[in-house]
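Please read the structure below before turning to the comments.
The values are calculated or read from the model by the stated rules, or taken from the named source; none is laboratory data. Because the structure is predicted, anything quoted here is derived from the model rather than measured. All Cβ positions, even for glycine, are placed from backbone atoms using ideal geometry, and neighbour counts span all protein chains on display.
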Amino acid sequence: MKSTLPIRSTIFWFAIGVMVFFTMAASSPQCARSDNSVNPVLETQAGGNPCVFACQEDFKAAKRALKDDYREAKALCEGDYDCLQEAAAIRDALNDEIVADKDACIAACSHDQGTSTGGQ
């Protein structure tokens, strides 16, 4: 029988690292604001675009749901190594989808399809 202590320790520290990363990313400014518009997408995000805000709220809700689902999956595994590995793989795949969905949502917020003159 394999010991699950190293796996639990790894998962614990991984979870702590993820929480620290998202806490720092959400709470600290990434750069000083200036009067010049370097990137209109970033300006839109910093300006309080309701569309971007909705994307971010959906992302946070999906991350919370994923965290809860993963916690339940781990409990159902009852320490089985293979089960825990599969649960972690599923969590990672779903996390990648959540991040991709958020990025696509934010990109859609900054696009006004059909408003261009096509170079004319």
Exercise. So which of G79, G48, G17 is out of contact with any Pro (no Cβ under 9 Å at 6 or more places or on another chain), modelled with pLDDT of 55 or more, surrounded by fewer than 11 Cβ atoms within 10 Å (Cβ to Cβ) and outside any helix (DSSP H, G or I)?
Worked result: G48
Problem set entry | Filter pass, E86 being loosely packed, with under 13 Cβ neighbours inside 10 Å and modelled with pLDDT of 80 or more | no
